[in-house]
Amino acid sequence: MKGAHIKATGISHTYRRGATKALDGIDLEIQPGEAIALIGRSGCGKSTLLHILSGLSQASEGTVYVDGALVTGPSPSRVMMFQAPSLYPWMTVEQNVAVGLKFNGRMREAKTRVPEMLELVELGSYAKRNVQDLSGGQQQRVALARSLVLNPQILFLDEPLSALDAFTRHALQRDIRRIAAEMGITLVLVTHDINEAVMMADRALVMKANPGRFSAEVAIPIEGDRAPSSHEFAIAKAALVEAYEGAAGLTMAETAAPDRLTSATDPAPARVRAIK
Amino acid sequence: MTRSTQLAMEPPAPPADAPEEEGVQAAPSASGRNRHLAAMAESFLYALAGMALLLVLWWLGGRLVESNPRMFAFADFAPGPTFARLFEMLGSGEAAEMTAPSLYRVGFGLAWAVAVGVPMGILIGWFGPVGKLTNIPFQFLRMISPLSWMPIAVMAFTTWDGAIVFLIGIAAVWPVLFSTAAGLKRVDPSWFKVARNLGARPWHMLFTIILPAISQDILTGVRLALGVAWIVLVPAEYLGVTSGLGYSINDARDTLEYDRLAATVVIIGIIGFGLDFLCQRAIARLSWHRED
Ligand SMILES: Nc1ncnc2c1ncn2[C@@H]1O[C@H](COP(=O)(O)OP(=O)(O)OP(=O)(O)O)[C@@H](O)[C@H]1O
Ligand SMILES: [Mg+2]
């Protein structure tokens, strides 16, 4: 397994213009190849934490180690994807995918590597197209190919699917999880969609705001393909909803304990571990 | 939709084979192309009618001048004598002869403006403190008429050509500089974040991201600069030099050849219009921006 191990200790962050701490004393360990979801309400510090883990920002306090090495800046081996695909509109699909190779003086590999990546994200026939001619979902697939072209060890996803329609989103959730598993990539996903967390992660960390902290951890041990209609899915989701409600201090109307769950000898609480 | 309802929403179960987003660009239909052609023909007709109107006004003005005994000497300003002289000048090569030095001066002035304005604009747009430091001084310098530098230019440069190129350059640098800086400030910051993440070095950032991203802003600045340069050119050529369009106008006035003077004015208009048109086409061709 080539995915990286991440260990963050005592991460606190205060923005220069921010009144309060955006993050306060976060400790986090992620195993190689694991898929983690950071979930919580808007403003609880998910993006801030992701930027710090990736090295794109520096925390006011605390340290991040990836495979034992201190993180001091961004690296092509830890790639972040955002809500917007942020493709370069003056380039074709294949030029966008190859841009990482170009920055690292590896354009010689482009001939084989770029088509390989485009096949992986199922856009093989779009190589010569301008990215502006693609749909939102296709653009996010190109962004995924661009992120993977340098064989990263970690993929950080900051709600990259939240602007897509339900079908497209579902297809990409499955594909990203599959690709990450195949390539042994450690996945750190930020979302406020509980279904997405259950769909993609092995473990979800629920955050609460002011200051940003973890409030609970939910294991999502579902083997193989994940179908939202399956029983396991419903159980994991119920557990996550409960943890989420606890963190946010609110109740979500229609997800509150559906009848079919009560028959399952109430396994949900066992999976939730409160933090602090 | 509130966040909590969004969270609670269950996406519909996808079909066994999730639908793939299909190609989005439909080929332009025949009727669409026809409509496009019709629109082009219409705007061409309007342009033609507008120019005809201008000619009529000019011709009327000519008739008025001609019929007024006190202004009779200026009758050669009318379209008839002007166009007769213009064709003569085109045939004899005189038109090309007086245009070439002017184009050369404008070309060099613009080249200097781009060489100084683009890097300076990028510095201003990229480094916040540089922008804040230079903002007021540049706004101040920008408002000084380029022609007021004329005495200084004449003293500072050994040749008249040098002085004129300097005047054009100093007039043309501001649109290029401000347009470049403003373009860079508008660039989506996530493009830089992605590049940084993927290991871009400073020169990658400059040549692979910044310059393509702001190419349209730079070209728009150049187009504005060309307009300014073309305006400054004629008065700048009023002094010293013995070639160029500005000189020809002055010379024609001194020799009372008003048909030559008017023909030169027409040449200035045609070339200025042509250069601007070329700029506009270049922008449209090089642009990656989509109209729709
Ligand atoms: N550049 C900034 N300057 C000052 N404060 C900031 C800045 N960016 C974020 N914050 C604050 O830090 C806190 C955490 O922000 P962050 O963007 O990490 O939240 P988030 O969990 O990603 O929210 P969302 O789900 O809406 O993306 C918020 O209270 C926010 O107001
Ligand atoms: Mg965020």
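For every helix of n ≥ 4 consecutive DSSP H residues, a contribution of -39,500 (n - 2.57) applies; sum these over chain A, divide by its total residues, and give [θ] at 222 nm rounded to the nearest 500 deg cm²/dmol.
-10500 deg cm²/dmol
Run the simple label-point estimate for B:VAL56 and B:VAL154 please: 7 Å along Cα→C-beta, distance reported in nm.
4.6 nm
What is the spin-label model distance, in nm, from A:ASP133 to B:THR242 if the labels are put 7 Å beyond Cα along the C-beta direction?
Simple spin-label model gives 5.9 nm for this pair.
I'd like the FRET efficiency for A:ASP175 and A:ARG17, computed as 1/(1 + (r/R0)^6) with the beta carbon distance as r and R0 of 41 Å, rounded to 0.05.
Using R0 = 41 Å, I get an efficiency of 0.60.
Return the long-range amide H neighbours of A:HIS5 (sequence gap of 5 or more, or a different chain), with a cut-off of under 5 Å between placed amide H atoms.
Placed amide hydrogens put A:ASP67 under 5 Å from A:HIS5.
Give me the inter-chain shielding for A:239-245: mean count of other chain Cβ atoms within 10 Å, whole number please.
1
With a Förster radius of 51 Å, plug the Cβ-Cβ distance of A:SER229 and B:ARG201 into 1/(1 + (r/R0)^6) and report the FRET value to the nearest 0.05.
Step by step, r from the Cβ atoms, then E = 0.55.
Across the residues of B:195-206, average count of Cβ atoms on other protein chains within 10 Å?
The per-residue average across the peptide is 6.
How much of the pair distance distribution for the stretch B:79-286 lies past 22 Å, counting alpha-carbon pairs only, in percent?
Roughly 56 percent, rounded to a whole number.
Whole-Hz Karplus ³J(HN,Hα) for the stretch B:115-132, in order, using 6.51 cos²θ - 1.76 cosθ + 1.60 and θ = phi - 60°, x for Gly and Pro?
With the stated coefficients, the stretch B:115-132 comes to 4, 8, x, 5, x, 5, x, 5, 4, 5, x, 8, 9, x, x, 4, x, 5 Hz.
Treat every Asp and Glu Cβ in the stretch A:82-231 as -1 and every Lys and Arg Cβ as +1, leave all other atoms uncharged, and give the resulting dipole magnitude about the Cα centre to the nearest 20 debye.
About 460 debye.
Taking H as built 1.01 Å from N, whose amide H comes closer than 5 Å to the amide H of A:ALA216, not counting residues under 5 places away?
Counting only residues 5 or more places away or on other chains, the set is A:VAL206, A:ILE275.
Per residue of A:82-93, how many C-beta atoms from partner chains lie within 10 Å of its own C-beta, taken as a mean?
The mean count of partner-chain Cβ atoms within 10 Å per residue comes to 4.
How large is the Rg to Rh ratio of chain A when both quantities use alpha carbon positions and Rh follows Kirkwood?
Radius of gyration over Kirkwood radius for chain A works out to 0.98.
Using helices alone, I'd like the mean residue ellipticity at 222 nm for chain B: each DSSP H run of four-plus residues gives -39500 (n - 2.57), total over residue count, nearest 500.
Calculated mean residue ellipticity at 222 nm is -25000 deg cm²/dmol.
With point charges of +1 on the Cβ of Lys and Arg and -1 on the Cβ of Asp and Glu, referenced to the Cα centre of the protein assembly as shown, which listed residue (B:PRO69, A:ALA37, B:MET51) lies farthest in the positive direction of the dipole?
So the residue furthest toward the plus end is A:ALA37.
For the stretch A:85-151, what is Rg from Cα atoms divided by 2.2 N^0.38 Å, rounded to two decimals?
0.96
What dipole magnitude, in Debye to the nearest 20, does the stretch B:133-292 give about its Cα centre under +1 on Lys/Arg Cβ and -1 on Asp/Glu Cβ?
That gives a dipole near 900 debye.
For a Förster distance of 60 Å, can you work out the FRET efficiency between the beta-carbons of B:ASN68 and B:ALA111, rounded to the nearest 0.05?
It comes out at approximately 0.80.
Magnitude of the Cβ-charge dipole of the stretch A:100-166, K/R +1 and D/E -1, about the Cα centre, nearest 20 debye?
That gives a dipole near 500 debye.
Farthest toward the dipole's positive end in the stretch B:79-286, which of B:ILE268, B:CYS279, B:PRO79, given Cβ charges of +1 (Lys, Arg) and -1 (Asp, Glu) about the Cα centre?
B:CYS279
Of B:PHE166, B:PHE44, B:PHE108, how do they rank once you tally other Cβ atoms within 10 Å and put the fewest first?
The order, fewest Cβ neighbours first, is B:PHE44, B:PHE108, B:PHE166.
Could you give the length gained by full extension between A:SER42 and A:LYS111, i.e. 0.36 nm per residue of separation minus their alpha carbon distance, to one decimal place?
My answer for the length gained is 20.7 nm.
If every alpha-carbon in the stretch B:66-135 counts as one equal scatterer, what log10 I(q)/I(0) does Debye give at q = 0.27 1/Å?
Evaluating at q = 0.27 Å⁻¹ gives log10 I(q)/I(0) of -1.04.
Give me the distance in nm between label points sitting 7 Å out from Cα along the Cα-to-Cβ direction at B:LEU211 and A:LYS7, one decimal.
Output for this residue pair reads 4.6 nm.
I need B:SER248, B:SER43, A:SER77, A:SER54 ordered by Cβ neighbour count within 10 Å, fewest first.
Listed from fewest to most nearby Cβ atoms, that is B:SER43, A:SER77, A:SER54, B:SER248.
Tell me, rounded to the nearest percent, the portion of alpha carbon pairs in the protein assembly as shown spaced more than 41 Å apart.
45 percent
Alpha carbon centre of the stretch A:24-89 versus the stretch B:125-193: separation in Å?
Spelled out, the Cα-based centre of one part sits 41 Å from the other.
Would you work out which of B:GLY162, B:LEU110, B:PRO151 lies farthest towards the positive end of the dipole of chain B, given +1 charges on the beta-carbon of Lys and Arg and -1 on that of Asp and Glu, about the Cα centre?
After comparing all options, I get B:PRO151.
Please work out the Cα convex hull volume for the stretch B:30-160 and give it in Å³ per residue.
276 Å³
What is the distance in Å between the Cα centroid of the stretch A:173-243 and that of the stretch B:209-241?
56 Å
Pull up the cross-link candidates among the lysines for A:LYS46, meaning alpha carbon to alpha carbon under 29 Å and not fewer than 8 places away within one chain.
Once the sequence-local lysines are set aside, what remains near A:LYS46 is A:LYS2, A:LYS7, A:LYS21, A:LYS208, A:LYS237, A:LYS276, B:LYS185, B:LYS193.
Can you tell which of A:MET200, A:MET80, A:MET91 shows the greatest fluctuation in a Gaussian network model of chain A with Cα springs below 10 Å?
Looking only at A:MET200, A:MET80, A:MET91, the biggest GNM fluctuation is shown by A:MET91.
Each value in this text was obtained by applying a stated rule to the coordinates, not by laboratory testing. Note that the coordinates shown come from a computational prediction; the quantities given were computed from them, not determined experimentally. Every residue, glycine among them, receives a Cβ derived from its backbone with ideal geometry; neighbour counts consider all protein chains shown.
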